[in-house]
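Notes follow once the structure below has been shown.
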Amino acid sequence: MDPGPAGAAGPAEPGPGVRGAGPAAPASSLAVAAVLPAGGSGERMGVPTPKQFCRVLERPLISYTLQALERVCWIKDIVVSVTRENMEVMKDIIQKYQHERVSLVEAGVTRHRSIFNGLKALAEDQPDSKLSKPEVVIIHDAVRPFVEEDMLLKVATAAKEHGAAGAIRPLVSTVISPSADGCLDHSLERARHRASEMPQAFLYDVIYAAYQQCSDYDLEFGTECLQLALKYCHVKAKLVEGSPDLWKVTYKRDLYAAESIIKGMFGLVTLSSCVSEM
Ligand SMILES: Nc1ccn([C@@H]2O[C@H](COP(=O)(O)OP(=O)(O)OP(=O)(O)O)[C@@H](O)[C@H]2O)c(=O)n1
Ligand SMILES: O=C(CO)[C@H](O)[C@H](O)COP(=O)(O)O
């Protein structure tokens, strides 16, 4: 286990993303970068602090996500989209927890706009940029801290082959479509559908071209990057089964769940204490 950064506050975290010897890296010729949208306000969490900055065991949630990515040595650059008002907060987090290879860009008013801003920073025509255009870009929500290297490798490799790839999970509940009068219109067959999670990965040229062409409606209301690659670049994403830990911290209770997973990683929760609580 890696110790936490020297002098950093918070637990000496095992860090998500590192277990055992780890999976093999992709071919060294594959240039990979990551974009982390972190410009949301976390309305559904219902607390004043945006959820990515909420503390879990004394450490901001986004710091765990950054740690999971920066421990993957083949991810060269990590671009984080943050609102102007939280830029200083983010810089303080980077300094305090000694995050590496992180660049900041200004977030947009929607998630898609924040991602687009991150992609623009990686484009080759950026003057004075220390970033270089990657072949593959991973997109991962700042509020999904438990991503493993193995999963990142799977989506990056599949993106190189297929142009796009994304993590999926089985649906827990059936998805239904209501009609305008609040009654059931139709219901989807659960076994034939999947929940789309993160991370996702793309050939950079594919996803950048998709964002450049996409409509204001997509940028405002879209929730699915894989759909943009399909709609604008005719790229059918490879879907990769992910672990349950990829879920997105959304509600207040998710912070408690994240805390208990991190404690489990530290060995702070023993099996007997779990059993006695059941
Ligand atoms: N304008 C936005 C909106 C969202 N995000 C980011 O996109 C990710 C996933 O979005 P979501 O979970 O919906 O975050 P919020 O928009 O913050 O949450 P809510 O929908 O509850 O307001 C988060 O890391 C969030 O910070 C972003 O970068 N820019
Ligand atoms: O769900 C997703 C994948 O499809 C995205 O990860 C994302 O979290 C969607 O966020 P929002 O619902 O706020 O747009």
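Values quoted throughout were computed directly from the atomic coordinates according to the rules given, and no laboratory measurement underlies them. Keep in mind that what you see is a predicted model, and the values were worked out from it rather than measured. FYI the Cβ positions are ideal-geometry reconstructions off the backbone, even for glycines, and counts take in every protein chain you see.
Near LEU239, once Lys and Arg are set to +1 and Asp and Glu to -1 for all other residues with Cβ below 14 Å from its Cβ, the sum equals +2.
Using a cut-off of 10 Å between beta-carbons, work out the net charge of the residues near ASP254 (Lys and Arg +1, Asp and Glu -1, ASP254 not included). Here the count lands on +4. Using only the C-alpha atoms, the convex hull of the stretch 100-214 corresponds to 163 Å³ per residue.
For the stretch 210-269, the C-alpha radius of gyration sits at 1.67 times the compact-globule guess of 2.2 N^0.38 Å, with N the residue count.
Past 23 Å, Cα to Cα, is the threshold; run LYS96/LYS160; LYS120/LYS248; LYS160/LYS231 against it and keep the listed order.
Values: LYS96/LYS160 35 Å; LYS120/LYS248 25 Å; LYS160/LYS231 19 Å.
Correct reply: LYS96/LYS160; LYS120/LYS248.
If you average 1/r over every pair of different alpha-carbon atoms in the stretch 154-222 and take one over that average, what Kirkwood value in Å do you get? Don't skip to the answer; put the middle values down first.
Values: mean 1/r = 0.0685 Å⁻¹.
Value: 14.6 Å, from the Cα pair sum.
Given +1 at the Cβ of Lys and Arg, -1 at the Cβ of Asp and Glu and no other charges, the dipole of the stretch 140-278 around its Cα centre is 260 debye to the nearest 20. Would you kindly give the portion of the calculated P(r) for the stretch 106-147 that falls above 12 Å, as a percent of all Cα pairs? Tail of the P(r) past 12 Å holds 64 percent of the pairs.
For the chain, the spread of Cα positions along the three principal axes, ordered from largest to smallest, is 55, 48, 39 Å. State the Cα centre-to-centre distance between the stretch 174-236 and the stretch 86-147 in whole Å. Comparing the Cα centres of the stretch 174-236 and the stretch 86-147, I get a distance of 22 Å.
Please give me the summed charge of the neighbours of LEU230: other residues whose Cβ is under 11 Å from its Cβ, Lys and Arg +1, Asp and Glu -1. Local charge sum for LEU230: +1. Residue by residue, the stretch 126-141 carries 3J(HN,Hα) couplings of 7, x, 6, 8, 8, 8, 10, 5, x, 7, 10, 10, 9, 10, 9, 5 Hz when phi is fed to the Karplus relation 6.51 cos²θ - 1.76 cosθ + 1.60 (θ = phi - 60°); x denotes Gly or Pro.
Using C-alpha pairs under 8 Å with a sequence gap of at least 6, the mean separation divided by the residue count of the stretch 28-166 gives a relative contact order of 34 percent. Most tightly packed first, judged by the mean number of other beta-carbon atoms within 10 Å of their residues, the peptides 143-150, 227-234, 155-162 read 143-150, 155-162, 227-234.
Here the stretch 126-278 was treated as a single set of alpha-carbon atoms; its pair distances binned every 5 Å from 0 give 2, 8, 13, 15, 17, 16, 12, 8, 5, 3, 1, 0 percent.
At the listed q of 0.13, 0.21, 0.25 Å⁻¹, the Debye profile of the stretch 57-109, built from one uniform point per Cα, gives log10 I(q)/I(0) equal to -0.30, -0.77, -1.04. Across all C-alpha atoms in the stretch 30-163, the radius of gyration and Dmax reach 14.3, 42 Å.
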